[in-house]
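Participant: So that we are looking at the same thing, I have put the structure below in structure tokens.
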Ligand code: 6PG
């Protein structure tokens, strides 16, 4: 399902409303909801909008049943400019009435291999699984111009079928150490939403959505091809070629 909007603001307005409706309706069931968020630049406007709207909603928001996880993290301290957690906490998690124990961050300041293992154990403890693979309720993803998603880059498509839920990786260009969810927990999520904006992503969006042959090895295309219910929230700039 593709949702296209003339402006980023219109996009995040709609998606934030959908998100809060989901939290209010599903959160009131008493069941723990496990939501994984991506970082990068794009989603900050969404997180800002959710934080703003939840302050205005007249319906109780049962944040106590909502657990937030990181899709991936750069291996830097949480106060570093590159930290996905730092951005997500500043834009959203630090502005809502959420118990600290409901936030499951990746400790970017720790040894990547050891932290990848630790975070995987935490996910197994918190998120119900199917055949050993955790089933998140909702995963928010972005994509790079190279077709990566999470921190699964085109040079590491092995991660898409990894037996591990979480792995320590490196950015292919900067060699920046990262920790990422792998393909199986992403593909198995109940709901997957890609948020992509800007003309710089228009070519990769066309290749992925049209399932063009030379895009098949892109991690974002791999996810999209295996989940025909994937939601795409695009602005008209990113959807230019669709
Ligand atoms: C990250 C993200 C990554 C992101 C894409 C798009 O750690 O960078 O998890 O997968 O979604 O790189 O990033 P932008 O939104 O900055 O373009």
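The values are calculated or read from the model by the stated rules, or taken from the named source; none is laboratory data. All figures in this text were calculated on a predicted structure; none of them were measured in a lab. Here the Cβ positions follow ideal geometry from the backbone for every residue, glycine too, while neighbour counts run over all protein chains shown.
Participant: Restricting attention to the stretch 78-111, which residues are surrounded by 16 or more Cβ atoms within 10 Å (Cβ to Cβ) and outside any helix (DSSP H, G or I)?
Facilitator: Of everything in the stretch 78-111, those that are surrounded by 16 or more Cβ atoms within 10 Å (Cβ to Cβ) and outside any helix (DSSP H, G or I) turn out to be 78, 82, 83, 92, 96, 98, 103, 104, 105, 106, 107, 108.
Participant: So is residue 184 buried (at least 17 other Cβ atoms within 10 Å of the Cβ), farther than 14 Å from residue 38 by Cβ and more than 14 Å from the ligand (Cβ to nearest atom) or not?
Facilitator: Criteria met by residue 184.
Participant: Which one of 14, 41, 53 is more than 16 Å from the ligand (Cβ to nearest atom) and either assigned to a loop (DSSP other than H, G, I, E, B) or surrounded by fewer than 16 Cβ atoms within 10 Å (Cβ to Cβ) (or both)?
Facilitator: 14
Participant: Of (1) assigned to a loop (DSSP other than H, G, I, E, B); (2) within 15 Å of the ligand (Cβ to nearest atom); (3) surrounded by fewer than 23 Cβ atoms within 10 Å (Cβ to Cβ), residue 136 satisfies all except one. Which?
Facilitator: All conditions are met except number (3).
Results for (1) within 26 Å of residue 105 (Cβ to Cβ); (2) assigned to a loop (DSSP other than H, G, I, E, B), shown as yes or no for each residue.
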{"position": "146", "(1), (2)": "yes, yes"}
{"position": "159", "(1), (2)": "yes, no"}
{"position": "194", "(1), (2)": "yes, no"}
{"position": "224", "(1), (2)": "no, no"}
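Participant: Quick one: is residue 47 assigned to a helix (DSSP H, G or I), within 15 Å of the chain's Cα centre (by Cα) and modelled with pLDDT of 95 or more?
Facilitator: For residue 47, the condition - assigned to a helix (DSSP H, G or I), within 15 Å of the chain's Cα centre (by Cα) and modelled with pLDDT of 95 or more - is met.
Participant: Another question about this same structure. Which residue pairs have Cβ atoms under 9 Å apart, sit 6 or more places apart or on different chains, and have a first residue in the stretch 22-51 that is on the phi > 0 side of the Ramachandran plot and a second that is within 16 Å of the ligand (Cβ to nearest atom)?
Facilitator: Listed pairs, sorted by first residue: 40/84; 40/87; 40/142; 40/144.
So that you can scan it fast, the table gives a plain yes or no per residue for (1) under 19 Å from residue 180 (Cβ atoms); (2) within 13 Å of the chain's Cα centre (by Cα); (3) modelled with pLDDT of 95 or more:
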{"position": "36", "(1), (2), (3)": "yes, yes, yes"}
{"position": "42", "(1), (2), (3)": "yes, yes, yes"}
{"position": "66", "(1), (2), (3)": "no, no, yes"}
{"position": "82", "(1), (2), (3)": "yes, no, yes"}
{"position": "103", "(1), (2), (3)": "yes, no, yes"}
{"position": "109", "(1), (2), (3)": "yes, no, yes"}
{"position": "112", "(1), (2), (3)": "yes, no, yes"}
